[in-house]
Amino acid sequence: MRIYATAVFLFLYVPIGIIVLFSFNAGRHASELRGLSVQWYGKALSNPFVGDAFFTSLIVALSVAVLSSLLGTTAALALQRLKGKIRVLFDGLIYVSVMIPGIVIGIATLVALVTVFDFLNPILASFWPEGVKPPKLTMGYVSVIAAHTLFTMSLVIILVRARIAGMDRALIEASLDLYATPWRTFYQVTLPQIYPAILAGFLLSFTFSFDDFIISFFVAGANTTLPIYIFASIRRGITPEVNAIGTMVLAASLFLLMAAQFLLRARTKR
Amino acid sequence: MWFLVMLIFPLIVILVFSFGERAAYGGYAGGFTFEQYANLPTRLKAFQNTMVIAPLGTLLSLLVAYPLAYFLAVKVSRQYKLILLVLVIVPFWTSLLVRTYAWIFILGGKGIPFLLEWIGFEGVRLINTQGAVLVGIVYGYLPLMVFPIFVSLEKLDKSLLEASSDLGGSPVKTFLQITLPLSMPGIATGCMLVFILLMGEFLIPAFLGGGKVFFIGNALVDLFLQSRNWPFGAAVSVTLVAIMLITVSLYMRMMMGRKTGRDESLM
């Protein structure tokens with residue numbers, strides 16, 4: 001048993017180790033290790049395409065994280081009050097949106113938004129004066145953010161609701177009995193109790209959005225996120241530079257995951 | 001409301017698209033025809049691959065994951081349990097893209113085939129085969145399988161196991177009659193999660209199948225982003241979602257049936 005478990009852990013971590021090891025390759029070919037150096041990190045960091053893609057990913061992931069933690073928390077609080085069939089319906093929808101494969105979300109968003117844009121663009125254009133180029137709605141940041149948020153919001157809802165379920169309702173009642181306004185109760189009683197879950201949801205949403213490839217691939221339009229860039233470079237051929245970028249992406253997600261884990265742990269200790 | 005807008009509306013649009021015709025420059029022209037569905041057999045290979053490899057991959061993941069989950073839930077002492085479990089889950093939250101890339105490395109020309117050549121086996125080709133795709137699948141989705149099984153095994157009352165062995169049940173019999181049936185919910189959840197995600201998989205076959213082993217997902221990317229044949233792509237995705245819904249509901253019914261069956265036998 002013990003040997004088997006060790007083998008599975010090796011299976012899980014050796015490939016990651018290999019990526020990291022080869023990113024320090026001094027040679028020019030990805031597959032031959034010739035001494036260690038950090039030159040490929042320098043190359044990756046000074047590559048303008050990598051920089052652009054990184055910032056696109058960063059902006060998208062930040063917006064997704066902010067939006068989904070805001071919307072997710074409010075939705076979780078609102079769902080708490082729903083009863084009966086509507087609640088079952090929403091619960092179902094939440095799980096469906098978590099379980100649906102990314103590719104379906106990607107295609108659905110792409111097709112739906114293009115249809116809506118095709119419908120709206122002529123209308124928008126008709127409002128604009130002659131000769132001035134009317135604004136045109138296209139795929140871009142907004143579509144990626146919307147598609148990612150669909151998934152990550154459900155994640156936040158699930159996390160926050162687990163936290164609310166563990167909360168003592170008597171505290172809220174006590175606060176209301178002591179003449180606190182509902183707002184004040186929310187600020188001073190509810191929020192401090194659920195904020196670790198919200199923060200963990202924020203970090204997980206960020207990680208998901210930052211690492212997601214398939215949804216962005218469909219709806220990003222002309223924008224390139226970091227995973228799309230990595231995908232394209234792997235298609236062109238493998239170089240140590242890809243390993244270096246990959247290692248940095250892995251390190252970033254690991255760091256965020258540890259932060260999220262730490263927050264969720266802090267919650268159980270209290 | 002957000003859900004209704006983002007989830008239901010796109011699906012309706014796709015449904016409408018799938019009955020339409022292809023416009024001259026790609027995109028969509030209105031109409032109502034079953035032509036797109038009649039064309040489905042041209043992508044038969046993708047459907048076949050998906051319907052064979054997705055269940056196979058799910059089964060393999062289960063076979064690899066179950067002993068690990070069992071080990072973590074039953075054998076490991078409390079203090080290491082959580083750390084080890086987190087170690088299993090963490091890779092799932094890091095980039096699947098980068099992790100699959102690692103296997104191009106390992107299975108590719110200078111990886112394992114190179115080592116094998118060194119020992120004396122020449123001309124072994126691992127990448128771009130069904131086997132490579134399966135390895136990638138097990139590697140990518142193992143955490144998702146381990147977690148639900150771990151949870152259901154963890155909840156299992158250990159005194160039941162003791163009772164069984166006290167009553168003279170051999171370890172194998174105890175496992176088959178107590179542990180396995182009680183961990184069924186975890187197995188069912190894990191299999192369903194992995195299977196659903198595999199049906200829409202794109203990256204793993206794209207990287208490790210090298211154009212030879214492709215899934216419906218790859219056909220969809222091709223149709224929507226390269227050849228821009230949207231109505232046909234829509235027809236393919238409607239079929240994919242339909243297959244998914246049918247298999248999942250059949251599967252759930254089977255699981256439910258098994259559950260009530262057991263309850264009856266208890267009575």
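Readers should treat all values here as calculations from the given coordinates under stated rules, not as data from a laboratory. Computed from a predicted structure; not experimentally measured. Positions of Cβ are backbone-derived with ideal geometry, glycine not excepted, and every protein chain shown enters the neighbour counts.
Observations
- Residue-wise HN-Hα coupling along segment B:133-140, computed from phi with Karplus coefficients 6.51, -1.76, 1.60 (Hz; x: Gly, Pro): 4, 5, 4, x, 5, 4, 4, x
- Taken along its principal axes, the alpha carbon cloud of segment A:1-110 reaches lengths of 65, 48, 26 Å, longest axis first.
- Between B:Leu40 and A:Met258, the C-beta separation translates, for a Förster distance of 56 Å, into a calculated FRET efficiency of about 0.75.
- Restricting the calculation to Cα atoms, segment B:46-153 shows an Rg/Rh of 1.05 when the hydrodynamic-style radius is the Kirkwood one.
- The overall shape of segment A:133-270 is oblate: from the C-alpha gyration tensor, with semi-axes ordered a ≥ b ≥ c, the ratio a/c is 1.5 or greater and a/b is no larger than b/c.
- Residues whose amide H falls under 5 Å from that of A:Asn25, counting only those 5 or more places apart or on a different chain, are A:Ser37, with hydrogens built in the peptide plane.
- Here B:Lys173 and B:Met51 are evaluated by their C-beta separation; at R0 = 51 Å the FRET efficiency comes out at 0.90.
- Working note: Cα atoms of the protein assembly as shown, range along each principal axis, descending, whole Å: 87, 81, 52.
- Here segment A:186-264 yields Rg over Rh of 1.14, to two decimals, using C-alpha coordinates and the Kirkwood radius.
- Using only alpha carbons, segment A:54-192 has a radius of gyration to Kirkwood radius ratio (Rg to Rh) of 1.11.
- Cα-Cα separations in segment B:98-244 greater than 18 Å, expressed as whole percent: 69 percent
- From least to most packed, judged by other beta carbons within 10 angstrom and beginning with the fewest, B:Ser170, A:Ser57, B:Ser152 follow the order B:Ser170, B:Ser152, A:Ser57.
- For segment A:201-247, average projected area of the Cα convex hull in nm²: 3.8 nm²
- Using a Gaussian network model of chain A in which every pair of alpha carbons under 10 angstrom is joined by a spring, one finds that among A:Thr239, A:Thr73, A:Thr185 the greatest mean-square fluctuation is at A:Thr185.
- B:Leu63 versus B:Lys212: modelled label distance in nm, points set 7 Å from Cα along the beta carbon direction: 2.1 nm
- Screening chain A for whole DSSP H helices of 30 Å or more along their axis (Cα) with average Kyte-Doolittle hydropathy at least -0.5 returns A:2-23, A:48-81, A:102-127, A:141-165, A:240-269.
- Global geometry of chain A, whether rounded, prolate or oblate, following the gyration tensor of its Cα atoms and the 1.5 cut on a/c: oblate
- Global form of segment B:188-252, assessed from the alpha-carbon gyration tensor, a/c cut-off 1.5: oblate
- Mean shadow area of segment A:174-229 over all directions, Cα convex hull, nm²: 5.5 nm²
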